[in-house]
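Comments concern the structure below.
No value in this document is a laboratory result; all are computed from the given coordinates. Given the structure is predicted, the values throughout are model-derived calculations rather than measurements.
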Amino acid sequence: MVEQKKEEEKIEKEKDEKVKIPEKFKDLVKKIEELSVLDLAELVKILEKKFNVSASAPVVVAPASASAEASADKEEKSVFNIVLAGIGDKKIEVIKTVRDITQKGLKEAKDLVDAAANSPQTVKENVKKEEAEEIKKKLETAGAKVELK
């Protein structure tokens with residue numbers, strides 16, 4: 001019996017050494033240690049409601065999703081849609097360039113360029129990056145405003 005008491009005191013002393021409890025909280029901590037698990041759970045719920053806080057551990061999902069977004073940003077797109085956003089001042093040059101790119105007739109190319117004056121129009125879809133940049137350069141040289149999506 002005496003040995004058990006000494007062992008308990010030793011364990012309590014080790015706990016006190018691991019966690020430094022300020023003098024002003026010693027009575028409170030002592031009372032909390034004496035509570036049953038059910039009473040302690042009830043106390044936690046009351047404190048959560050009273051101070052509008054949560055005693056649960058923070059969730060690590062946010063950083064994981066942030067890193068997923070970062071890795072998605074690092075992965076470059078390899079296929080693009082070329083969108084004619086504006087035609088500029090050289091409408092005829094843009095029509096000729098669109099006609100060359102799309103292999104469409106003059107009327108179809110003109111209709112596409114005319115429609116682009118009102119709202120963005122897709123010139124070509126699912127184009128590899130290198131080709132898309134080359135087409136964009138050609139259209140911009142002709143005076144058009146181009147977006148790769």
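Things worth noting here:
- The rule of thumb for compact globular proteins, 2.2 N^0.38 Å, goes into the C-alpha radius of gyration of region 79-148 0.95 times.
- Derived scalar couplings between HN and Hα for region 85-97 equal 8, x, 9, x, 8, 9, 4, 5, 4, 5, 4, 4, 5 Hz in order, rounded to whole Hz, by the Karplus curve 6.51 cos²θ - 1.76 cosθ + 1.60 (θ = phi - 60°), x for Gly and Pro.
- Interchain or long-range residues, amide H under 5 Å from Val146's placed H: Ala85
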